[in-house]
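I have placed the structure first, in the form of structure tokens, so that the comments after it can refer back to it.
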Amino acid sequence: GFSADAFGFLADLRANNSAEWMNANLTRWRQYVREPMRALFTDLGPVLKAKFDPYLVLDELAIEPKFGKTLATIKKRWPDNIGPYHDYYWGAFYRVGHTKQADAQLHVTIHPERVRFGFYMGESAMDAHFRQNIQENPGPLFNLLRGLDLLNNFRFERIYPDGRREAVRIESAADLREWIITGDYNLLQDFTPVETIALGPALADRVFEAFRRV
């Protein structure tokens, strides 16, 4: 699980986003954020693989808890005027032979103010068939979402090119077209720091259940 120190570190990183600050806080980064995320993915990977691989044939799920693979790096590829580091940290399961950026993914992301986990499809993901099917005939997916009770306790979110996130209320099949209109979208649950800390190691069970449903 994640402690209060994990959220505290990310909040401090947001306020002090520099290489000098990070170098002075590497122990906090590793102890409170990096290693708990690696432990979570180490626990989840084998269980998810056993559950999902039969549905992915001929593909299989990539589960190795390695940085640059299922686990991201916190340092930005291209530093910007905010600083050289992301103020969040994430990991994702995806298909072997693909990448997190170019495939649908099951992700866990910790921010200073929340933990988010679920299904994500980004602009660079190879989702043409999925989007086309929703645009042409959203009814079957809407019925699945309603049958799995995903319409009530999951957040449908679209993301704009400027990074702005917007919740989309799904009340009909046609609303699904609005959900995917930007090509960058999430179906997820999120917990506040207080809720996350209270779960402790049981966070893994809640993440697995969300992944299983989505």
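The values are calculated or read from the model by the stated rules, or taken from the named source; none is laboratory data. Quantities reported herein were computed from a predicted structural model and do not represent experimental measurements. Neighbour counts are summed over all protein chains in view; Cβ atoms, including those assigned to glycine, are modelled from backbone coordinates with ideal geometry. Surface areas here come from the heavy atoms of the whole protein model, side chains and all, with no ligands, DNA or RNA. Shrake-Rupley method; radii C 1.70, N 1.55, O 1.52, S 1.80 Å.
The accessible surface of segment 50-187, taken with every protein chain in place and a 1.4 Å probe, is 52 percent carbon and sulfur. With the convex hull constructed from alpha-carbon coordinates only, the chain shows a mean projected area of 11.8 nm² over all directions.
By the compact-protein rule of thumb, 2.2 N^0.38 Å, the alpha-carbon radius of gyration of segment 111-174 corresponds to a ratio of 1.23. Between segment 110-143 and segment 188-206, what is the separation of their alpha carbon centroids in Å? After rounding, the separation between the Cα centres reads 22 Å.
With all protein chains kept in place, the per residue accessible area of the chain amounts to 52 square angstrom at a probe of 1.4 angstrom. Working note: Karplus 6.51/-1.76/1.60 with θ = phi - 60° gives segment 97-105 the couplings x, 10, 10, 4, 6, 10, 9, 4, 9 Hz, where Gly and Pro are set to x.
Listed peptides 39-50, 14-25 appear in the order 39-50, 14-25 once ranked by packing, highest mean of other Cβ atoms within 10 Å at the front.
Radius of gyration (Cα atoms) of segment 1-122, expressed as a multiple of 2.2 N^0.38 Å: 1.11.
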